[in-house]
Each structure stands twice: as structure tokens, then as C-alpha cells.
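Accompanying notes for the structure given below.
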Amino acid sequence: MLELRGVNAGYGTFQALFDLNLDVKGGEAVGVIGPNGAGKTTLMRVISGLIRPSRGSIKMEGVDLVATPAHKIVSLGIAHVPENRRLFSQLTVDDNLKMGAFMKEARDHYAERLEVVFDLFPRLKERRHQMAGTMSGGEQQMCAIGRAMMSNPKLLLLDEPSAGLAPVVVQQVFELVKRIRASGLTVLIVEQNVQQVLKVVDRAYLIEAGTIRSSGTSAEMLASDTVKEAYLGV
Amino acid sequence: MGMQAFLDVFDIYLLEAVINGILLGGVLALLALGLNLIFGVIDVTWICYAELVMIGMYGMYFMVQYYGISYFVAAPLTILLVAVLGAALHYLVIAPLLTAPPINQLLATGGVLFVLQSFATVTFGIDFRNLGIRLPVLAFGDMNFSYARLLSFVAALVGMVAVYLFMTRTFTGTAIRAISQDRQIMALMGVDAKRIYLITSALGGALAGLAACLLVLQYDVHPFVGLSFGPITFLICVLGGLGNFIGGFIASFVFAEIISLGGLFSDLEWGYVLAFAFFIVMMFIRPAGLLARRR
């Protein structure tokens, strides 16, 4: 479904990704783990078009994303839940969800999508007229994921969904990810919470200093010495 | 007898001035809304905002007086004309400077102000022109109200309600509110930020166009007519808190009342002096505007 080949990317003169290859197949849940500053967020941003690769190719179902304007990428079926959620904090939950359905294809099915999202997150329905910024961290994460789901994506990019949340809420977020998976959506998830993320994904990539260090199934990654020593503290 | 009669007359004048203040406030609020919209969404101050109104007033003058088009046909055409002008201003002047320091943007729109004034002077001359439409004066008891002011007030309110509905009910309006909070992630919503800025600028222009249609009923048009309400519009926006729509709305009526009531005790010019003095005092008391959030 998603295919990255030899991608270099960065900000100005600072290069964050080096010759990176990555694949996500339809129906899979794939994790990307690695330390702070390894390029995980850059990877997400380069896929959704927020930054452009300086070299390499990115394809979604055969369509070249590098040649697609950033605001058109969402209509190819890629929804990105950015790091720190980035809700429109002074808009209501309803308005935030409305923004998720901005593109034409989603706008036509706005009412249906709202139903789907409220089914997934009944909490959001209760809070629909509340300013997004006044909700708890967990509720805001729900709203951010719900906003992304409004576009009826095929591929959901989740950037550190558990960051800054209380341990109990982190559990809930990973439960959510499981439920989203079960609904048939393909998920690419970046996480520092390695133990948790390996429980919900099929495969994972370990990224360090902008390149893929290793990859494998969740079981393989859990068993790998590099992962164990560096990230699981075993 | 003497004293009582004086008080009766005084009260009537006072009430008349209060009502005239409210009527004036409507049009000022319309102007403030347009300027606040541009500032709040694009984070740019259109110093030349009142000059767009001036061009719109000329548009009305020529269509109605020169080509004999009816006022009610000329008005939507003028709104459209100034909307296009607003979009062009964004596309040609603001967009290339969007990442430049604010002072550059300020200087650039300041430059546009002089360009538009000079353009009007060269093209239309410095004569004062008016529509030649004399609207009746409405007598209500002992009070007199100009029909033009009443019409302007109602039209300004209708315009503001229309903007409110557009901003809250439509996807594009919601995007305009969203983009002012987080521009970077708009692409993730499938929103082309450039297009939203262009639409916002056209909307700001349309509001200036509507104001032009209303002001041309009450004031003569000349190349420097923008100076009569440009500065006051800025004071209103600053007092209300730049970019704060509700603050701007309230400040419009506060200023209009000061001007109108101040004018009651002596002449209209003193009303303006009082309004500016009030502004200076307020800037010491509430420097971030009437409705500033306490941080």
C-alpha cells in the first residue's frame, strides 16, 4: 500500500532521514520505534507531505506522493494524527471533526462519518460542543484520532499517540488502536513506548539516526537483543 | 417654567444622539469586522483598508451617477469589485510577503494606501462627489433620524449576520477560523491554505465594499475620504483587541456613542477629539484591548 524507497529528508541544511526504505501492506499495523531525534516524526511528516523529501520516492497504492500537493494527499486515503495532537484548541469538538472532513469526498459523507466516529468515541459525542482545548489529554487524543477518521482513510498515521498521557490513559489509547485495527484500517504508528506498541502491531521497524537499523515481526523485535537492551531495559 | 422646558428638550436631544450613535456604530462595526477578519486570520494589517472603501464609493458614484445604474444593482457589483480588489491585494502584495517581518507587510500595505489615493486623485480629481440621492429624514416624535443612517445600520447588521453564518455553518468558514489557530497542519485536513487566505481576503474586501455602498449614502466621495474613517476603524480594532471580533463589535458602539454624544455638547469634531482621548486613556488601562484575555 505504502512504499518508501531511498528517502532523504530534513529541515534546511539538517538532514533527518537517510536513504530510508519502508513498506506498509494493506490491513497491516506497522510500528516505528526508536529513540528521540531518530527521525520518526520526520518520517510521518514526509509521508503526509508536510515536508518534502530531497531524494527518493514515496508511493501510496502506486500514486507518487512526492508529486502530489500536500493538501491533496489526504484524499488519497492517508490521514495523519500529528505529534502533540495539534487540535484546533479554540474550536469545538464538532468544528474539529468538521475540519477532518473538509475535502470534497469526505464532505459528501459528513453525517455518516460523524456517526462512525461517535460510535468509536461516544465520549466525543457528549463533548461535541466543548472547546477542544478544555478537554483532558486522553479526550483530546480521541478527538485528534476522530478528526483523522473523518476523512475515511485507508491508512492512518499515528505519531506518538501515548505521549504526555497518564499511564491509565495510555492503556486506553492502545485499546483504541486495537479497535481501529479491527475495523480493517491500515495503521502506521510511531511510538517511544516500545513494550506497548509491539503488542498491537504486526511488524515494526527500528529507526536510529535517520536510517532503519532493523525490522521484523513484533515477536522477532521483542526477542531481538538490540531492542531488548536499548528499549526494553531487559 | 424655563428650567423644566430646557430639560425636556435636552432629553430628546440626548436620546436622539444615543440612537444616532447606535446607527453610526453599525457601519463602524462592519468596517472593524473586515479589518479584524484579515488581521485575525492572515495576521496582516491592511493599513489601506479605508482606501478600498474609497474605491468602492467611487465605484458606486460612477455606476449610479455616470451610467445611471440603479442603486440596488450597483451595490452588489461594488461589493464584488472590492472583493476582487481585496483578493488582488492579497495575491499581489501580501502573499509574497507572508513570511517577511510584520513591519515589511505594514509598509507594503501603507504603500498601497498612497497608491490608491494618488490613483484616485489622478483619475477622478479632487472634487467632492455624491450620489445626488436625497433620502428623506424620518421624524419620530420630536426626534429626527436620517433614513440613510437607518438603512445603513440595518444593512450593516444583515452583512455581519451573513458573515457570522458563513463562518460558523460552512466548511470554508470553519477552515477560516481553524487556519488562524494552526496554519501548518491545514494540509493534513486537505485544506489549501493559500486558497483560504484568498477567500478571506475577498471576504474582507466584500465587507469594505458593503461599507462603501452604505457610506456613499451619507458622505461625499473624494480621494482622501478614507482618512475620515480609516483611523477610527484602527482605533476600534485595537481597543477591541486586534483580531477579536466581539471586542471590535463592542468597541464600535463605544466609539460611536462617544462621537455622537460628544458632538451633542459641541460640534462633531469635538466628538472625534473625545473618542481619540478616550482611546489614549484606555491604552494605559487595558493595553491589550477591552476583551483581552488575562494570561
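The values are calculated or read from the model by the stated rules, or taken from the named source; none is laboratory data. Computed from a prediction, not measured in an experiment: that's the story for all the values here. Cβ sites come from the backbone with ideal geometry, for glycine too, and all protein chains shown count toward neighbours.
Listing for the model above:
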| item | result |
| --- | --- |
| Residue within the stretch B:157-175 that is hydrophobic (A, V, I, L, M, F, W, C), in contact (Cβ under 8 Å) with a residue 24 or more places away in the chain and touching a Ser or Thr at 6+ places or on another chain (Cβ under 7 Å) present | no |
| Qualifying residue in the stretch A:107-114 (condition: crowded, with 18+ Cβ neighbours inside 10 Å, within 19 Å of B:Ala187 (Cα to Cα), facing chain B (nearest Cβ under 10 Å) and at pLDDT below 95) | no |
| Top-ranked residue of the stretch A:43-86 - restricted to ones that are within 14 Å of chain B (Cβ to nearest Cβ) and β-branched (Val, Ile, Thr), ranked as farthest from the chain's Cα centre (by Cα) | A:Thr68 |
| Selection count where residues are surrounded by 14 or more Cβ atoms within 10 Å (Cβ to Cβ) and either at pLDDT 85 or above or more than 20 Å from the chain's Cα centre (by Cα) (or both), scope the stretch B:277-295 | 5 |
| Residue count, the stretch A:205-230 (criterion: of a type in the set (D, E, K, R) and in contact (Cβ under 8 Å) with a residue 24 or more places away in the chain) | 2 |
| Residue satisfying all of: in the stretch A:87-96; out of contact with any Phe, Trp or Tyr (no Cβ under 9 Å at 6 or more places or on another chain) and surrounded by 23 or more Cβ atoms within 10 Å (Cβ to Cβ); farthest from the other protein chains (Cβ to nearest Cβ) among these | A:Val93 |
| Filter result (polar (S, T, N, Q) and surrounded by 13 or more Cβ atoms within 10 Å (Cβ to Cβ)) within the stretch B:139-165 | B:Ser146, B:Ser152 |
| Residue among B:Thr168, B:Thr174 that is within 23 Å of the chain's Cα centre (by Cα), on the phi < 0 side of the Ramachandran plot, surrounded by fewer than 18 Cβ atoms within 10 Å (Cβ to Cβ) and within 14 Å of another protein chain (Cβ to nearest Cβ) | B:Thr168 |
| Complete set of residues in the stretch A:162-209 that are within 16 Å of A:Ala223 (Cα to Cα), charged (D, E, K, R) and part of a strand (DSSP E or B) | A:Arg203 |
